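See structure below.
The values are calculated or read from the model by the stated rules, or taken from the named source; none is laboratory data. Fair warning: this is a prediction, and the values are worked out from it, not measured in the lab. Here the Cβ is made from the backbone with ideal geometry for all residues, glycine too, and neighbour counts use every protein chain on show.
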Amino acid sequence: MTPSSVTTPRQACAMHERHQMHQTHQTHQMHGKHEKRAKHGAPVQRRARTPTMRRRWRELVELALAAADVYAAAALYAHANDADRKRLGARLFDTRRDCLALAACTFAHGAVLTELARLAAANRDETLKIRLARNPATPGHALALFANDHEAPAQRLACLLARHAQAPHALLAALAAQSENIDVLRALCENVGVPSDLLALVGQRGIAVLQRLLAIHLATDPQTLLQLWKNTRTSAVRAQVLRHPCCPDALLHTLPSSPDERRSLALQARAPAAILAQLARDEDPRVRRAAALNANTPAGALIGLCFDAQALVRRVVATRHDLPLKVVEWLIGNDDPWVRRTLGRHPACPPEWLERLVNDSEPEVRRAVARHPRCPARLAAQLAADPVPWVRAGVALREDLPGALLRRLAADEDIDVLSGIARHPATPQAQLARLAAHAVADVRRSVILNPHASRRVLLQLRREPYPLHRVLVFEHPNLTDADRWRMRFDPDREARARLFDHFGRVLGPLGPLGPSVACAPMLAAQHAPQPLAVSPHPLDDDAMQPEQHEEHEEHSQHVSPCPTNTMEPR
């Protein structure tokens with residue numbers, strides 16, 4: 001054999017990496033086709049699970065059962081078959097302490113919360129019911145288990161059920177028809193998921209303290225709003241009726257006497273132009289400001305509002321996207337820096353007029369010029385040398401930076417500027433690698449949020465001290481599933497639960513995507529050791545990389561049953 005035909009370990013690794021990348025590209029294309037077919041209703045052809053996928057799934061189950069907390073097992077529960085679900089259920093629902101913790105977990109799967117609701121209803125556990133009713137992730141069919149035909153729920157539980165956004169219609173209808181408690185009816189009116197017929201049923205009772213809530217709710221129908229208008233003289237209730245998107249047309253052609261009602265009428269998108277012209281000359285500045293916000297306010301009225309004595313009114317006029325150039329010219333010399341700041345970033349402001357704002361004494365105005373979508377390159381280069389770092393950071397966020405200007409800002413020492421460079425799509429990968437090792441977490445997070453960050457850059461961020469950063473790295477599209485598999489020993493309980501939920505969907509027998517997953521070849525190509533059981537493939541342990549040994553040690557040293565916050569460093 002000639003020396004040129006010998007494959008070195010480095011060449012073998014490179015060949016293996018290229019093979020993995022090729023498989024990832026093919027499988028991601030196949031996954032996209034499956035998603036399109038499912039979207040159009042076509043049946044998705046599912047692929048048989050490979051032995052490696054089944055082995056990975058068994059390892060996940062064993063890891064979840066041996067973990068100090070129940071969140072990893074909860075992430076796998078919905079994707080398991082009957083046998084594994086029975087084992088996971090014994091770990092999840094064995095103690096009441098774990099049940100109460102899961103009931104308050106907002107990222108728990110609906111299948112877990114449904115089983116908890118069944119246990120709470122069977123055992124008449126009111127504390128567990130209340131925790132589930134407080135959890136916004138509890139599905140509606142689980143909440144329906146708390147409705148008893150023979151016994152009404154306690155007041156505290158009834159209020160939580162009435163306010164829950166996923167409560168089923170039958171449950172809300174029973175509460176609206178049977179409950180006489182004001183607190184329960186108030187919670188029902190505060191529920192964003194209540195249909196209009198139930199709100200009309202509550203409105204027919206004529207309870208004064210609920211009228212304003214009914215007038216605010218977006219599902220209230222025009223008939224109920226008209227009834228509220230006739231039954232009350234309270235200005236706050238009438239103001240909400242006039243502001244409602246379904247306000248009857250008959251109420252929009254009369255100028256109210258109350259300032260609150262006139263302000264609401266000025267904000268109404270269906271208000272007549274003649275009424276808006278009168279409201280633009282109102283003596284109350286809040287009413288004039290509301291008229292300046294309305295897109296239907298006539299242009300003649302806007303001209304008067306450009307020179308309003310109140311700065312708040314002029315600021316609102318400067319935010320409008322339909323400003324004529326003449327109005328922009330009048331406002332660009334305004335003495336209020338907030339008006340000039342708004343115009344500096346306004347698309348209606350011509351690029352040549354930015355010359356008047358680039359040397360403004362207010363840094364916020366200069367930053368607005370730097371963020372203008374059509375800021376000339378010459379002005380951007382001038383602002384890149386601004387003495388205020390916040391202005392230079394605005395330039396760093398521009399995606400049309402020339403290469404020379406990008407390199408110049410990359411040498412900056414300010415955190416905001418470096419964060420903008422770290423998120424820039426044109427930043428070289430070598431520079432991103434240096435920023436990924438920065439001492440400030442904001443800069444490293446910007447690297448993670450850069451969609452163009454390469455896999456090599458992301459690999460050095462997998463051991464971030466912040467759990468939130470590790471989750472963001474895990475979800476980055478440029479990271480392979482083989483890399484994600486090595487992150488399964490995350491020490492944070494919530495981050496580990498999110499990771500296990502992903503692997504449950506990918507590898508589980510009952511995952512939403514089924515066995516046809518994009519990352520199956522990647523997981524099959526990467527052989528990791530079995531920490532809790534003897535590997536059926538001895539060669540897997542020989543092929544294990546050094547970093548995987550470290551992660552096994554990290555798992556044994558750092559996994560703790562203590563709850564952690566994903567926003568706090570470990």
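For Ala68, the criteria (1) touching a Ser or Thr at 6+ places or on another chain (Cβ under 7 Å); (2) surrounded by 15 or more Cβ atoms within 10 Å (Cβ to Cβ) hold in every case but one, which is (2). Select from the stretch 438-479 the residues that are touching a Ser or Thr at 6+ places or on another chain (Cβ under 6 Å) and buried (at least 20 other Cβ atoms within 10 Å of the Cβ) and write down the one among them that is farthest from Asp501 (Cα to Cα). Ranking the qualifying residues of the stretch 438-479, first place goes to Val443.
Of the residues that make up the stretch 128-143, is at least one at pLDDT below 95 and among the basic types (Lys, Arg)? So far as the stretch 128-143 goes, no, none of its residues is at pLDDT below 95 and among the basic types (Lys, Arg).
Within the stretch 351-379, residues that are surrounded by 17 or more Cβ atoms within 10 Å (Cβ to Cβ) have Cβ atoms under 7 Å from residues that are of a type in the set (Asp, Glu) in these pairs: Arg366/Asp360; Arg366/Asp386, counting only partners at least 6 apart in sequence or on another chain.
In a residue-by-residue description of the stretch 267-289, the property of being crowded, with 19+ Cβ neighbours inside 10 Å and under 30 Å from Glu352 (Cα atoms) applies to at least one position. Restricting Ala104, Ala108 to residues that are touching a helix residue (DSSP H, G or I) at 6+ places or on another chain (Cβ under 7 Å), buried (at least 22 other Cβ atoms within 10 Å of the Cβ), within 25 Å of Pro168 (Cβ to Cβ) and of a type in the set (A, V, I, L, M) narrows the list to Ala108. Looking only at the stretch 155-180, filter to residues that are loosely packed, with under 12 Cβ neighbours inside 10 Å and part of a loop (DSSP other than H, G, I, E, B); which one of those is farthest from the chain's Cα centre (by Cα)? For the stretch 155-180, the residue satisfying everything is Glu180. Kindly provide the set of residues from the stretch 156-179 that are modelled with pLDDT under 90 and farther than 15 Å from Val194 by Cα, ordered by number. Matches in the stretch 156-179: Gln178, Ser179. Look at the stretch 443-456: where a residue is assigned to a loop (DSSP other than H, G, I, E, B) and a partner is modelled with pLDDT of 95 or more and among the aliphatic types (A, V, I, L, M), sitting 6+ places away or on another chain with Cβ atoms under 6 Å, you get Ala453/Leu432; Ala453/Val447. Within the stretch 200-210, is there a residue that is assigned to a loop (DSSP other than H, G, I, E, B), under 37 Å from the mean Cα position of the chain (by Cα) and not small (Gly, Ala, Ser)? For the stretch 200-210, residues assigned to a loop (DSSP other than H, G, I, E, B), under 37 Å from the mean Cα position of the chain (by Cα) and not small (Gly, Ala, Ser): absent.
Within the stretch 307-348, if we keep just the residues that are acidic (Asp, Glu) and in contact with a Lys or Arg (Cβ under 9 Å, 6 or more places away or on another chain), the residue that is surrounded by the fewest Cβ atoms within 10 Å (Cβ to Cβ) turns out to be Asp336. For the stretch 241-278, filtering for residues that are assigned to a helix (DSSP H, G or I), basic (Lys, Arg) and closer than 21 Å to Ser196 by Cβ leaves 1.
Only residues that are surrounded by fewer than 17 Cβ atoms within 10 Å (Cβ to Cβ) and modelled with pLDDT of 95 or more: list them for the stretch 390-406, please. If the condition is that a residue be surrounded by fewer than 17 Cβ atoms within 10 Å (Cβ to Cβ) and modelled with pLDDT of 95 or more, then Trp390 is the only one that fits.
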